[in-house]
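Novice: First the structure, which I've put down as structure tokens, then a few questions once you've had a look.
Bear in mind these aren't lab numbers, they're just calculated from the coordinates by the rules spelled out. Remember, it's a predicted structure, so these values are computed and weren't measured experimentally.
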Amino acid sequence: MPQVAKSAMMHLYEGNPNNLTKKEIYKRKKNEEKLKVSSNNLNPPSWLEPGAKKNFKRIVELMEPTGILSDVDVDILAVYCDTYYDYLSYKRKIRKTGNLIEGKVNPLIREKRNAAAALTKYANMLGLTPSARASLAIHLDDESDDDDDF
């Protein structure tokens, strides 16, 4: 399975495991700066349910100081919030109908588990889990020192 692309800063943080030259790292860093996206329009899409919109706004507010989310993340964050809303809906329905229906496992339990798995995937992509944030923060304090390498 191919490795996920890493930013120039991640290469430096990890001790440059791919043995990129300083010129290659500098070029990658400049290209990454060109691809930087604004975060001025982090608004929930109109198709989200009211409860999902509320969660969307809460997450944007909580994540604002990190600068992780940008305008291009709106759709994936909306899907995360929509899936979370579905997860809560399954949970409420299971509470009403019970874990067993006619002696068999309630099929909503499978749906709830699928939603939970999707939530975990989206949360990791968005930096919403402790481990995702920890991997981003490993060398965050060293960021200002790395400019000297160029």
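Novice: Among the listed pairs K57/K121; K29/K121; K22/K57; K93/K121; K57/K93; K57/K104, which are separated by more than 29 Å between their Cα atoms? Can you show the working numbers first?
Specialist: Numbers: K57/K121 20 Å; K29/K121 27 Å; K22/K57 40 Å; K93/K121 23 Å; K57/K93 25 Å; K57/K104 39 Å.
Among K57/K121; K29/K121; K22/K57; K93/K121; K57/K93; K57/K104, the Cα-Cα distance tops 29 Å for K22/K57; K57/K104.
Novice: If you don't mind, there's one more thing I want to ask. For I101, which sequence-distant residues (separation of 5 or more, or a different chain) have an amide H within less than 5 Å of its own amide H, given hydrogens modelled in the peptide plane?
Specialist: N106
Novice: A follow-up question, please. For region 26-131, what is the Kirkwood estimate of the hydrodynamic radius, computed as the reciprocal of the mean inverse distance between distinct Cα atoms, to one decimal in Å? List each step's numbers first, then the result.
Specialist: Numbers: mean 1/r = 0.0639 Å⁻¹.
Hydrodynamic radius (Kirkwood, Cα pairs) of region 26-131 is 15.6 Å.
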